[in-house]
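Notes follow once the structure below has been shown.
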Amino acid sequence: MKLTVEILKVGHCSHPEKIVYAKGKMKARKFPANVFLIKHPGKGSILFDTGYANRFYEVTKKLPEKLYAIVTPVILPEAEQLVVQLQKKGLTPEQIFKIIISHFHADHVAGLKDFPAKNVICCKKSLQNLLKLGRFKQVTKGFLKELIPKNWQEEFSCISEVPIVDTGLKHLPVGGDILGDKSIISIALPGHMEGHFGVFLPKTNMGPLLLAGDAFWTAKNLMENVMPHSITSFLQHDYKQYKETLNKLSLTFNDKAITIIGCHCDDEEVVALTQPEL
Ligand SMILES: [Zn+2]
Ligand SMILES: [Zn+2]
C-alpha cells in the first residue's frame with residue numbers, strides 16, 4: 001500500500017541564511033511553512049502540521065504576542081491559506097481524517113482551529129506544559145495559546161498512546177504506529193521543542209520518506225552535518241538533544257536509504273534531499 005504525499009506551502013517568513021546554517025550568508029532567505037497532505041488509500045486525507053493562517057495576524061496584534069510577529073515577519077497570500085488550497089482540491093476541513101502536529105510553534109499550529117479538534121493527534125504533555133507558562137514566557141517559546149482550540153484536552157489524542165513499533169531505520173529504530181497499519185510511524189526527534197516528533201512513511205510516491213518537522217531548517221544541515229548558527233541555541237528546548245537528533249538524521253540521510261524533508265525546506269532543497277528510488 002502506497003501513500004501519496006504532496007507539499008503545500010502555507011505562508012513563509014524571511015531570515016538570514018546564517019541563522020540556520022553556520023557557514024551561510026547574512027542575506028535573507030525565505031522559509032516556507034510546509035504542510036504535508038498525505039493520501040492514504042483506505043483512510044483518506046491526513047495532514048502533517050497546518051502552517052500559518054490569518055489567525056496568526058489577529059493573535060499577534062497586541063503585546064506581548066506582537067513581539068513574535070516582529071521577530072518573525074510572516075507573509076501569507078490568500079491563495080496559500082491551507083483551507084483555500086484544500087478547497088481547490090475538493091476537500092473540506094471535516095474530510096481530513098487526521099491532523100498530526102509535530103510541535104506547537106505558531107507556524108505549525110496557526111491553522112489548527114480550522115479543523116475538527118477530535119481528529120488532532122499531538123504530544124499532549126508538551127501542550128499542557130506550555131499552557132502552564134505565563135503569557136510572556138509562552139511568547140519567548142514561540143507559543144501562542146490563542147491558536148489552540150479550547151476543547152483540546154477532551155478532543156485531541158496523544159501520540160504517546162499509539163503502539164510502539166520497529167521502524168527498520170538503523171539510527172532511529174523505534175516509533176509509534178499512528179494508524180495501526182505501519183503506514184505512518186511517529187518518530188521522536190527531541191530537542192527543538194518538548195515532545196517534538198516527525199513521521200516516517202515507509203511507502204510513498206516519493207519512496208521511503210521521513211517528515212522531520214523542525215529538527216533541521218536547511219538541507220545543508222543534513223547533507224553536510226552542519227549545525228545552525230549557535231545564536232539559535234536559545235530557540236531550542238534542549239540544544240544538546242537537538243544536536244544529537246540532527247546527527248542521527250544526518251546519518252540516516254547519508255545512508256542513502258530515505259528522503260528526509262523538513263517543514264521549512266524550499267523546492268530546491270526538496271529536490272536535493274530526495275533520494276533516488278532504489
Ligand atoms: Zn519549531
Ligand atoms: Zn517551524
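Suppose a student asked you for the relative contact order of the chain, using Cα pairs under 8 Å spaced at least 6 residues apart; what percent would you report? List each step's numbers first, then the result.
Values: 598 pairs, mean separation 50.4, N = 278.
Once normalised by length, the contact order is 18 percent.
Rank these for me by crowding, PHE115, PHE143, PHE234, PHE216, going from fewest to most other beta carbons within 10 Å.
PHE234, PHE115, PHE143, PHE216
Arranged by the count of other C-beta atoms within 10 angstrom, fewest first, what order do LYS61, LYS9 take?
Values: LYS61 9, LYS9 19.
Fewest-to-most Cβ neighbours within 10 Å comes out as LYS61, LYS9.
Please report the antiparallel percentage of the DSSP beta bridges confined to the chain, to the nearest 5.
Restricted to the chain, the bridges split so that about 70 percent are antiparallel.
Please report how far the C-alpha centroid of region 191-249 lies from that of region 44-78, rounded to the nearest whole angstrom.
Here the answer is 22 Å between Cα centres.
Tell me the mean residue ellipticity at 222 nm calculated for the chain from its helices only (DSSP H runs of n ≥ 4, each -39500 (n - 2.57), averaged over every residue, nearest 500).
The helix contribution divided over the chain gives -6500 deg cm²/dmol.
Taking H placed 1.01 Å from N in the peptide plane, check which residues at least 5 places from MET206 or on another chain put their amide H under 5 Å from its amide H.
VAL5
Can you return the aspartates and glutamates within cross-link range of LYS62? Criterion is Cα-Cα under 13 Å, with same-chain partners fewer than 8 residues away left out.
LYS62 reaches GLU146.
Filter the cross-link list LYS30/LYS141; LYS9/LYS88; LYS113/LYS203; LYS203/LYS248 down to pairs whose alpha-carbon distance in this structure exceeds 25 Å.
The answer is LYS113/LYS203.
Rank the residues VAL5, VAL71 as a footprinting-exposure proxy: fewest other Cβ atoms within 10 Å of their Cβ go first.
The fewest-first ordering by Cβ neighbours comes to VAL71, VAL5.
Based on Cβ point charges of +1 for Lys and Arg and -1 for Asp and Glu, what charge dipole magnitude is obtained for the chain about its Cα centre, in debye rounded to the nearest 20?
580
Can you return the aspartates and glutamates within cross-link range of LYS243? Criterion is Cα-Cα under 19 Å, with same-chain partners fewer than 8 residues away left out.
Result set, ordered by chain and number: GLU17, GLU194, ASP214, GLU224, ASP255.
Normalise the Debye intensity by I(0) for region 89-172, one equal point scatterer per Cα, no solvent, then take log10 at q = 0.11 Å⁻¹ and round to two decimals.
The Cα Debye sum returns log10 ratios of -0.35.
For region 4-273, compute Rh as the Kirkwood radius over C-alpha pairs and then the Stokes-Einstein diffusion coefficient at 37 °C and 0.692 mPa s; write the answer in µm²/s, rounded to an integer.
Working: Rh = 18.6 Å.
It diffuses with D of about 177 µm²/s by this estimate.
Can you tell me which aspartates and glutamates have their Cα less than 14 Å from the Cα of LYS137? Leave out same-chain residues fewer than eight positions away.
The reachable aspartates and glutamates, counting only those whose Cα sits under 14 Å from LYS137, are GLU65.
Where a number appears in this text, it was derived from the coordinates with a stated rule and is not lab data. Keep in mind that what you see is a predicted model, and the values were worked out from it rather than measured. With ideal geometry, Cβ positions are generated from the backbone for all residues, glycine too; neighbour counts draw on all protein chains shown.
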